[in-house]
Every structure is written in C-alpha cells, then in structure tokens.
1. Would you mind checking which residues have amide H under 5 Å from A:Gly144's amide H? H placed 1.01 Å from N; only 5 or more apart, or other chain.
2. Determine, at each q value in 0.16, 0.20, 0.26 (inverse angstroms), the log₁₀ of I(q)/I(0) that the Debye formula gives when each Cα of segment B:170-233 is one equal point scatterer.
3. For the cross-link pairs B:Lys51/B:Lys249; A:Lys147/B:Lys51; B:Lys42/B:Lys201; B:Lys42/B:Lys249; A:Lys8/A:Lys62; A:Lys62/B:Lys42, which exceed 19 Å when the distance is taken from alpha carbon to alpha carbon?
4. Please work out the FRET efficiency for the pair B:Glu138 and A:Thr7, using the Cβ-Cβ distance as r and a Förster radius of 35 Å; give the result to the nearest 0.05.
5. To check my understanding: the extent here is largest minus smallest coordinate of the Cα atoms along each principal axis. What are those three numbers for segment B:3-58, in Å, largest first?
6. For a quick check: with amide H placed at 1.01 Å from N, whose amide H comes under 5 Å from B:Phe234's, ignoring anything fewer than 5 positions away on the same chain?
7. Take every Cα-Cα distance within segment A:102-191, group them into 5 Å bins from 0 onward, and report for each bin the whole-number percent of pairs it holds.
8. Around B:Glu224, which amide H atoms from residues at least 5 apart in sequence, or from another chain, sit under 5 Å from its own amide H, with H modelled in the peptide plane?
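We did not get these values from a lab; they are worked out from the coordinates using the rules stated. None of these values were measured; they are calculated from a predicted model. Cβ coordinates were reconstructed from backbone atoms using ideal geometry, including for glycine residues, and neighbour counts include every protein chain displayed.
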Amino acid sequence: MTQADRTKTERFVAHLEPLQRQLCVYCSRALNRRDESEDVLQSAVANAFRDFDKYAEGTNFKAWMYRYVTLEILNRNRASSRLTTSMGRYEPVHEPVLPLDSIRLETLLDAPEAVLDHCDDVVADCVRKLTEQERKILLLRAVGEFKYREIAEILDIPIGTVMGLLSRARNQLRTGLLDYGRDNGLLTEGDAT
Amino acid sequence: MNCHDAQRYWDLFHDSEGDADLHFQLNDHLENCAACAEWFHKQSRLELLIKERLAGDAAEDASAVDWSRILAGAGVAPAIQPPSWGTLGIVLVALAASILLMIGFAGGFRPGGSSNLAHLTAEVHQHVSAGSLRPEFESESDIEVDRYLVNRVSFPVRCPPRKDSGFAVRGAGLCQLSSQSAAYVVGSVDQQPVSIFVLPKESLKEFPELRQILQREPMTACREGNSEMVLSVFDNNLVLVIGNVERTKLTRVLKSYGTYPHAA
C-alpha cells in the first residue's frame, strides 16, 4: 500500500467513523429486509471509497455518504419488491391519509407514553408501511438529522416534495399509533384532560 | 397570523426550517396564544418520543453490525500504525487538559453534587459573569457564534437567539458539566449577563431527576442562588437559560433558541 493509499484510507475512515451507528440505524429502518443491513453498508462503503477522490474535503461528507447508502437501499428494496410481487398477484395499496381522529389525537398528545411505551414494534411497522420515498425522508430527518435542503439533494427531489411527504409520513405514523391505541384500549375519549 | 396558520407551519417550526420572518411571526403568535403554545409543545414532544423509538429499537441492530468486517469487505483497510512520540505527547497533553477541565467544572465548582445540573450551570454562569471565565470565542455576531459552535461540538446545536428575543450575544465556549460535554453561549438581556447552556438530549440520563421533571413539565423553571433559570428540551438539545433577570424574559430567550436557520 502506497503512502497516498494509506492517507486516503485514513481520511475516509476518520470521516466515516462518527456516522457508523446512525448509518446502521438508517439502514435497518429503511430496508424491507433488516437482515440485509450489513451487505448494503458494505456495498455502499465500497462505492463511496472508490469515489472518495471525487469528494471535496470540507464539504458535507455526511450527506455525501448518505447518498451512497440511500442508493444501495433503493436497489436492494427494488430487488426484494420484485421478488415479493413476482410470487403473488397482490400489490401493496397505499391508502389515502384520512384526517386524524382529533379527540383521540388530543389524548395521545396529552400522554404519548401511554401508547408508545407499549408499541416499539408498531412504530417500526408504521415506518415500514410508508412508501419508499416517505420512509427515506422521515428517516433522513429523524435519524440523519438532515435539513430539508440536504434531504432534497440526497434524494434528488424538489424541497417542496420533501416537505409534503415528511408531513404526510408524520401523519401516517400518528394514525398508526392512534389505531393501535384505540384497538388496544390505550386511548379512550374519556382520557383527554 | 392566526391559530390555523400557525399550526400549519408546525413542521417547519419543529424542524427549524423556513425563514427568519416566519419564525418571528410564529414566536409572536405563540407568545400570545397559550393554546397554540401548548399544542406546539405537545406535538414536538410526541415527535421526539417517536424519534427516540425509531433510533432506540434499531440500536440493537446497529451494535450487532461488525464494522471491521464491512470495511475489510469494502476494500477499506484502515492503516493502523504505532503512534509516534509526537502523537503520544499530544494525546497525553490533551488527556491532562481534559482532566483539568473536569476538575475545574465538575470538581472545584461543584458543591451541589454531579446530579444537580442547575447548580453546575449556575456556577459556570457566575464565573462568566464575574469575568473569571472568559468564553473561548468572543463575538457579537450570532452567525459567527453559530458557526463556531457548529464546527466544534460533537452534537447538533442550533443557532443562538437573536436580538429580537432581547438577547445580545457576546461569545461562546465549550465546557464539561459533570461528565457531559456542553456548549455555552454568553450574552446579556437588559444589560444583565445571561448564559445559555446546550447539551445533547441524551445527557439527561445522567440527571434522572431533571429528566422526570421535564417529562412532566416540558418547560421548567427554577431558582439557583440569585439567578433565575428556565430549561427545556428542543429537538436534540437540552437547553438551559440562566441569568439575573425576570423569568419571562429568560423564557422568551429559551423559546427563541434555534428558531433561525444556520448560516449558509
């Protein structure tokens, strides 16, 4: 290994290290199949490292790296959806977002722990039910803590789309929590104070 | 701005997006509409809890991932070299400096115990006010202070409040409160010294009593010695504002924290 190679490797690892944990969380949440996280990360890291010479030092490495991971997730999810749809005749139907039940939403807002303490899996399931784009936007904001402009750049979509889909995704999550709370008797109208 | 309009912009407010004028109008509305202020707080609290669940549940997966295998498989073999004497020297000096800093803030200034964050911050504030501790970076520009902190702290921070909240910034620095890293912004309200302390939200684990209080009351106030203090959790930060001025003025500064986008 030459001195230049060593320097490139050290620089790349130094940039990557602080992001490792959140990239794992992002992958785990964004993939249709969680067990593919390590493979996806490896492919994304390999591609990013190959192109690292093109990375301009001092610019936003985090957003640059997330772009590679996001692309790899997209490819992997496409492959797994093709596999799923080819096995059956059914396609996922994305229902329109209905207005939130305002009375129960008040109850949820008053005491969110009453529902959230019982349903880690529900949050994960609700995220998985979002469309691919909504899920990525929500996770880039919640896990990656990116600004709207950065999310738009990573996904190569207009900033207005980011805003609209993020709001929709948040609404969907709340609807999922309200449904779970209602079905399991955790939220009743009388709880609202 | 009416309540309907204000609630439409909740996402932007929560995410610190949108322009300064919008945030100014929203802040203005929230100060005059208790119902909306409460609604915004509850929405943000729910969003933070959802975010915690999203990260928390997947954290187990994250810790199970073997990064050395990923890096090796990706053709990235980190070059591990024995440290040179020069590097070793720098490490030792840094270690000694960290220990001294810990003694300074966590030991020498801490009669109230490590669990009392209010006490720790009040001590630092008094030293800053008395001039015995000078901020590492001095500037009256909120943009410069924002840039300074963003480049130096390992956790996300937001832009300091601007003059329209009554806060005139004077500088900023980093400190250690108990074992937690913190950023502080110093300035004044009505010519009186006011300090803002910003910690990562996760640091609340070290202050369980405070965590419980904030779960019950998202915006909490207390008195520490001669100083008033208000504190709350914003997005990823625990934020404390302390000074010898009226609590309502400190609350205005606290509410303004992070309502401006970072400088480009």
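1. none
2. Listed by q, the Debye log ratios stand at -0.61, -0.94, -1.29.
3. B:Lys51/B:Lys249; B:Lys42/B:Lys249; A:Lys62/B:Lys42
4. Values: r = 36 Å, r/R0 = 1.02.
Once the sixth-power term is evaluated, E becomes 0.45.
5. 38, 24, 15 Å, listed from the longest principal axis down.
6. Amide H neighbours of B:Phe234: B:Val239.
7. All Cα pairs, binned at 5 Å, distribute as 3, 15, 23, 19, 15, 12, 9, 4, 1, 0 percent.
8. Correct list: B:Met229.
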